[in-house]
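The values are calculated or read from the model by the stated rules, or taken from the named source; none is laboratory data. Keep in mind that this is a model prediction, so the values were computed, not measured. Cβ: placed from backbone, ideal geometry, glycine included. Neighbour counts: every protein chain shown.
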Amino acid sequence: MDEIATLLEPQIPGLRRYAWALLRDDEAADDLVQDTLERAISRWSLRRRDGELKAWLFAIQHNLFIDRLRRQKRRGLQVGTEALADMASPDTGQDEQARMHDILAALDILPEEQRSVLLLVSVEDLSYEEAARALDVPIGTIMSRLSRARERMRRFMETGRTTVLRRIK
């Protein structure tokens, strides 16, 4: 058990960041990380020894997150962004707080599939291959989702809108 703890402990900060970025709620993120670790420990013997531990853990966490989303849809609950106020430290300037708010708003407009890829590759530094394994999709799908996510984020940050309307004559 000490061996498992030694391997899992360095992965917790990344799992926590990803969970918070998905849920925007400290308690829900902690619950998701705990559920991820519990599932990983209970299924440790099923883990491929030649596989990447980080990708395996993110795959577990992503699947648990999707399960929660499905349950919430059935119940009609929505994930709010109330945690934005808690995010900014007291010494953070207003410009930085506004920029953080814009980035989180841009993340919120992304479809879940694009948001997950963007967070795993850009924030958690998973390779395309690791992200593909974690999300159980082909590498080409990772690349196209990432490209679309970056483009939508860029457009939103430039214009504040999710779509750009074109005039047709």
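Scanning segment 29-46 for residues that are surrounded by 15 or more Cβ atoms within 10 Å (Cβ to Cβ) and either touching a residue at least 24 places away in the same chain (Cβ under 8 Å) or closer than 17 Å to ASP136 by Cα (or both) turns up LEU32, VAL33, ASP35, THR36, LEU37, ARG39, ALA40.
Condition check ((1) more than 11 Å from the chain's Cα centre (by Cα); (2) part of a helix (DSSP H, G or I)) across all residues:
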| residue | (1), (2) |
| --- | --- |
| LEU120 | no, yes |
| LEU126 | yes, no |
| GLU130 | yes, yes |
| ALA134 | yes, yes |
| ILE142 | yes, yes |
| LEU146 | yes, yes |
| ALA149 | yes, yes |
| MET153 | yes, yes |
| MET157 | yes, yes |
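Does MET100 meet the test of being modelled with pLDDT under 85, farther than 20 Å from ASP25 by Cα, exposed (fewer than 15 other Cβ atoms within 10 Å of the Cβ) and not assigned by TED's automatic domain parsing to the domain that holds ARG47? It is false that MET100 is modelled with pLDDT under 85, farther than 20 Å from ASP25 by Cα, exposed (fewer than 15 other Cβ atoms within 10 Å of the Cβ) and not assigned by TED's automatic domain parsing to the domain that holds ARG47. Would you check if ILE109 is touching a residue at least 24 places away in the same chain (Cβ under 8 Å), of a type outside the set (Ser, Thr, Tyr), outside the structural domain of ARG17 (by TED's automatic domain parsing) and within 18 Å of ALA59 (Cα to Cα)? No.
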